[in-house]
Amino acid sequence: MRPIRLHSRLSKRTRRGFRGFPVATVAYYGPDDTRASRAVVSIVPAKDAEPTHQTAFTSDALDLREDPFTGDQVVAFVERHEARSVFVAEEILGCPHEEGVDFPEGGTCLSCPFWAKRDRWAAVKERLHAARGELLTRAIADVRAEEAGEAGPSLEERERPAEGSGNGGT
């Protein structure tokens, strides 16, 4: 699967990470996992708060993740609501149709058979599981370095392979 190219300003704001509230979230939905036909942008004003503003963009033909016009509209919405942090789901999170509105509550969408028997969070769970092991390793190294009274090796030093294992012949 090829990597997506988000709108440049949206991508930049996402890379900044958490900068406080309000937070904007961008979620993509589609008939399958290759094309986002719906983008939903929500503004969350504070921790543990429900979204106060939400808008959706749809297209029957385009992948909204890579559409420049939709990207401009998403960025404008985020800026209008003065979001300090922006989070974008990397995966398409499921069917673009709403349960209870477009198909019966508890049922499956007849328009999107691709999602009928799929766990839409599987890719996210897999990525989190892989990251968890890496984070635990880093945390243990940081704690050990702190206990030893040193700053500890940087991330780059920990990931760099050892250069020569000998001690120079002494």
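The values are calculated or read from the model by the stated rules, or taken from the named source; none is laboratory data. What you see is a predicted model; the values in this text were computed from it and never measured. No Cβ is skipped: glycine too gets one built from the backbone with ideal geometry, and neighbour counts run over all protein chains shown.
Which one of these is more than 20 Å from Leu93 (Cβ to Cβ) and either surrounded by 20 or more Cβ atoms within 10 Å (Cβ to Cβ) or touching a Phe, Trp or Tyr at 6+ places or on another chain (Cβ under 7 Å) (or both): Ala46, Ala24, Ala76, Ala39? Even if it seems obvious, please write down each step before you answer.
Values: Ala24 fails: more than 20 Å from Leu93 (Cβ to Cβ); Ala76 fails: either surrounded by 20 or more Cβ atoms within 10 Å (Cβ to Cβ) or touching a Phe, Trp or Tyr at 6+ places or on another chain (Cβ under 7 Å) (or both); Ala39 fails: more than 20 Å from Leu93 (Cβ to Cβ).
That would be Ala46, the only listed residue that is more than 20 Å from Leu93 (Cβ to Cβ) and either surrounded by 20 or more Cβ atoms within 10 Å (Cβ to Cβ) or touching a Phe, Trp or Tyr at 6+ places or on another chain (Cβ under 7 Å) (or both).
What is the one condition in (1) in contact (Cβ under 8 Å) with a residue 40 or more places away in the chain; (2) among the hydroxyl-bearing types (Ser, Thr, Tyr); (3) surrounded by 12 or more Cβ atoms within 10 Å (Cβ to Cβ); (4) within 28 Å of Pro113 (Cβ to Cβ) that Thr58 does not satisfy?
(1)
Select from region 25-50 the residues that are free of Cβ contacts under 8 Å to residues at least 24 places away in the same chain and in contact with a strand residue (DSSP E or B) (Cβ under 6 Å, 6 or more places away or on another chain) and write down the one among them that is farthest from His97 (Cα to Cα).
Val44
Only one of Gly94, Gly106 is in a loop (DSSP other than H, G, I, E, B), of a type outside the set (Phe, Trp, Tyr) and either at pLDDT 85 or above or in contact with a Leu (Cβ under 9 Å, 6 or more places away or on another chain) (or both). Can you tell me which?
On the way: Gly106 fails: either at pLDDT 85 or above or in contact with a Leu (Cβ under 9 Å, 6 or more places away or on another chain) (or both).
Of Gly94, Gly106, the one residue that is in a loop (DSSP other than H, G, I, E, B), of a type outside the set (Phe, Trp, Tyr) and either at pLDDT 85 or above or in contact with a Leu (Cβ under 9 Å, 6 or more places away or on another chain) (or both) is Gly94.
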